[in-house]
Each structure stands twice: as C-alpha cells, then as structure tokens.
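First up is the structure itself, then whatever we jot down about it.
The values are calculated or read from the model by the stated rules, or taken from the named source; none is laboratory data. As the structure is a computational prediction, the values presented were derived from the model and not from experiment. Note that we place each Cβ from the backbone using ideal geometry, even for glycine, and neighbour counts take in every protein chain shown. Protein only, heavy atoms only, side chains kept; ligands, DNA and RNA dropped before computing areas. Shrake-Rupley method; radii C 1.70, N 1.55, O 1.52, S 1.80 Å.
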Amino acid sequence: DDDGDPDCFDCPAGSSCSGGAAPPAECSPGAFAATPGLSQCERCKPGTTSGAGSVSCDECTAGTYATNPGQGECTLCPNPLSSGRCDVTCSICKEGYYLKDSSADPDDIFKNPTKYCKDCPPNAECSRNTTVATMRVSRDFWRGSSRTT
C-alpha cells in the first residue's frame with residue numbers, strides 16, 4: 001500500500017495462505033479448505049473429489065470411482081462395470097449384465113471385467129449389481145435354481 005506496509009490479505013475458505021504478504025492460493029482440484037485461514041489445503045479422501053477452490057469434497061456418483069486421495073475428478077467405470085456412490089473401484093456389473101462369481105476379489109473383477117460380468121440372458125432382468133443369485137426372470141419363465149442362469 002502507499003505507506004510502505006505490506007498489503008494484508010483475507011484467506012477465504014477454499015484457499016490456503018502461506019503467510020506474510022503472499023496472496024491466498026486457491027485449492028487445486030482434489031483438495032479443499034473448509035474454513036478460512038488455513039495454511040494448506042487438505043486432499044480429498046478416496047471415493048471423493050473436488051474442483052478448484054472447493055470448501056468440501058463431493059462423493060463420486062454411481063458408475064464412477066476415485067482410487068487415490070486428492071483426485072481432481074472421478075473416473076468413469078470401464079464397460080461392463082459399475083460402482084456404488086463414493087467407491088474406490090468398480091467391482092459390480094452395470095445394468096444389462098450379471099456377476100458370475102460373487103465371491104471374486106474386487107481387484108480381480110476390475111482387472112478382468114468380461115471374465116466376471118456376463119450379458120444378461122434372454123428373459124432375465126439384470127439391474128445394476130445383479131449376481132447369479134439375485135437375477136430375476138421375466139413373468140412366465142423359471143430358473144432351475146438361484147445358481148443357474
């Protein structure tokens with residue numbers, strides 16, 4: 001300012017302030033500052049994300065995931081996988097598919113989705129997260145057991 005003293009800056013929520021005469025720095029995507037006056041932004045937890053200058057993190061929506069802390073955006077699940085809200089991986093099958101082996105390790109499902117997620121058979125109903133055991137058949141059709149398609 002004109003009297004030779006350094007300018008002072010407010011440090012709003014959504015930014016961090018290193019102190020002194022440095023202006024506030026907006027939190028980067030994947031980080032947040034919930035309250036004013038913080039010296040550093042916090043990283044979002046896995047399963048969540050944020051945009052630049054955020055005061056909180058948002059949960060990843062169904063069908064997306066965020067594996068790492070501080071991710072700037074949620075990643076779309078690869079076909080034919082899906083996820084629940086706030087998930088860190090995709091380990092369920094999307095609508096139109098069923099999970100062949102519900103005891104499979106989630107990492108194996110993610111690495112080999114077409115090995116585990118199979119096309120819904122004719123006259124069956126496969127909503128998101130259907131397994132062989134939860135698969136429903138159309139009216140006037142039947143299944144031999146809950147372990148068969």
Notebook entry, point to check: Can you tell me how many residues in region 13-34 are on the phi < 0 side of the Ramachandran plot and either modelled with pLDDT of 95 or more or in contact with a strand residue (DSSP E or B) (Cβ under 6 Å, 6 or more places away or on another chain) (or both)?
Noted result: 13
Check: Tell me, which residue of region 114-149 that is surrounded by 12 or more Cβ atoms within 10 Å (Cβ to Cβ) and of a type in the set (Val, Ile, Thr) is modelled with the lowest pLDDT?
Finding: Thr149
Next item on the list: For region 17-34, enumerate the residues that are farther than 14 Å from Gly70 by Cβ and open to solvent by less than 70 Å² (accessible area, probe 1.4 Å).
Entry: Cys17, Gly19, Ala21, Ala22, Pro24, Ala25, Ala34
Next item on the list: Being open to solvent by 30 Å² or more (accessible area, probe 1.4 Å), farther than 23 Å from Thr48 by Cβ and not acidic (Asp, Glu) narrows it down to one of Lys111, Lys94, so name that one.
Entry: Lys111
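What do you reckon, is Cys86 in contact with a Leu (Cβ under 7 Å, 6 or more places away or on another chain) and in a loop (DSSP other than H, G, I, E, B)?
Taking the combined requirement at face value, the residue does not satisfy it.
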